[in-house]
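What follows is a set of notes on a single structure, which appears directly below.
No value in this document is a laboratory result; all are computed from the given coordinates. Because the structure is a prediction, the values reported are computed rather than measured. Every residue, glycine among them, receives a Cβ derived from its backbone with ideal geometry; neighbour counts consider all protein chains shown.
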Amino acid sequence: MKTKVVSFYVKVVSFLLMLLGFQSCNTEPRVEYGTPSATFKVKGKVQDSDTKEPIKNVRAVLVRVQHHENSNQKIENIYETDTVYTNNAGEFSTSVTSFPKSNVEFKIKFADVDGVENGEYESKDVEVIFDNPEYQGGSGSWYKGEAAENIGTIDLEPVKD
């Protein structure tokens with residue numbers, strides 16, 4: 001009788017621990033409790049500078065840029081990045097969840113990584129600055145919402161032989 005009771009309690013405790021484990025699983029990006037955050041979205045289009053044709057499969061890496069406190073040096077934050085590739089129309093859309101400020105700076109690094117499939121293009125870095133961004137859809141507490149920027153069309157130069 002005593003082993004049946006103990007076995008029952010072991011099963012109940014195991015079930016509760018399993019539920020707690022599933023509850024802690026979350027696919028959303030996590031930000032520490034009590035830390036303000038916002039999502040910064042950037043979209044645009046990449047095209048050939050000569051033919052003005054869209055270029056597909058160009059890698060676009062969005063990197064947060066921070067200023068060093070005691071100098072004018074800019075530091076790329078490798079922990080706040082997102083990588084996407086342009087579609088058949090040369091369009092891309094990328095986002096990063098980060099700490100909201102009145103002046104948030106990013107760099108998008110464009111690189112042709114598919115070899116000669118679409119032709120070869122020079123890499124290019126483009127600065128994106130959210131100056132006093134207007135956040136949409138915030139929760140009213142720690143999450144400020146989303147700020148979006150359309151950087152338009154980026155021309156990549158073909159590699160000259």
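Each residue of the stretch 73-80 in turn: what ³J(HN,Hα) in whole Hz from Karplus with 6.51, -1.76, 1.60 and θ = phi - 60°, glycine and Pro shown as x?
Once rounded to whole Hz, the list reads 5, 9, 10, 7, 8, 6, 8, 10.
Treating cross-link reach as a plain straight distance, find the lysines whose alpha-carbon is under 18 Å from the alpha-carbon of Lys4, omitting any fewer than eight places away in the same chain.
Here the lysines satisfying the reach criterion relative to Lys4 do not exist.
For Asp155 and Gln73, calculate 0.36 nm times their separation in residues minus their Cα-Cα distance, and state this gained length in nm to one decimal. Working shown, then result.
Numbers: separation 82, 0.36 × 82 = 29.52 nm, distance 2.73 nm.
That works out to 26.8 nm of additional length.
Using the structure shown, list the pairs from Lys109/Lys160; Lys52/Lys74; Lys56/Lys144 with a Cα-Cα distance above 29 Å, or answer none. Before the final figure, lay out the partial values.
Details: Lys109/Lys160 20 Å; Lys52/Lys74 32 Å; Lys56/Lys144 33 Å.
Violating the 29 Å Cα-Cα cut-off are Lys52/Lys74; Lys56/Lys144.
Sort Ile108, Ile75, Ile55 so the one with the fewest other Cβ atoms within 10 Å of its own Cβ comes first.
Final ranking by Cβ density, sparse to dense: Ile75, Ile108, Ile55.
Once fully extended, how much extra length lies between Ser49 and Val6, figured as 0.36 nm per residue of separation less the alpha-carbon to alpha-carbon distance?
Separation in residues times 0.36 nm, less the Cα-Cα distance, equals 8.1 nm.
Let's see if you can work this out: charge +1 on each Lys and Arg Cβ, -1 on each Asp and Glu Cβ, no other charges. What is the dipole magnitude of the chain about its Cα centre, in debye to the nearest 20?
Around 1440 debye, computed over the chain.
Sequence-distant or interchain residues sharing an amide H contact under 5 Å with Asp82, placed H: which?
Leu62
Going 7 Å from the Cα of Thr83 toward and past its Cβ, which residues in the stretch 108-125 have a backbone nitrogen under 13 Å from where you end up?
109-114
If amide hydrogens are placed 1.01 Å from N in the peptide plane, which non-local residues have theirs closer than 5 Å to the one on Glu120?
Close amide H contacts, sequence-distant or interchain: Val159.
Applying the Karplus parametrisation 6.51 cos²θ - 1.76 cosθ + 1.60 with θ = phi - 60° to the phi angles of the stretch 126-140, what ³J(HN,Hα) value in whole Hz is obtained for each residue in order, glycine and proline being reported as x?
Computed from phi, the couplings for the stretch 126-140 are 10, 7, 10, 10, 9, 9, 6, x, 9, 8, 10, x, x, 8, x Hz.
What angle, in degrees between 0 and 90 and rounded to the nearest 10, separates the Cα long axis of helix 2-24 from the longest principal axis of the Cα atoms of the chain?
Tilt relative to the chain: about 20 degrees.
Residue by residue through the stretch 110-118, which ³J(HN,Hα) values in whole Hz follow from phi under the Karplus form 6.51 cos²θ - 1.76 cosθ + 1.60 (θ = phi - 60°), with glycine and proline marked x?
9, 8, 7, 10, 9, x, 9, 3, 10
Taking 35 Å as R0, compute the FRET efficiency from the Cβ-Cβ separation of Val13 and Phe99 and round it to 0.05.
E(calc), rounded to 0.05, equals 0.30.
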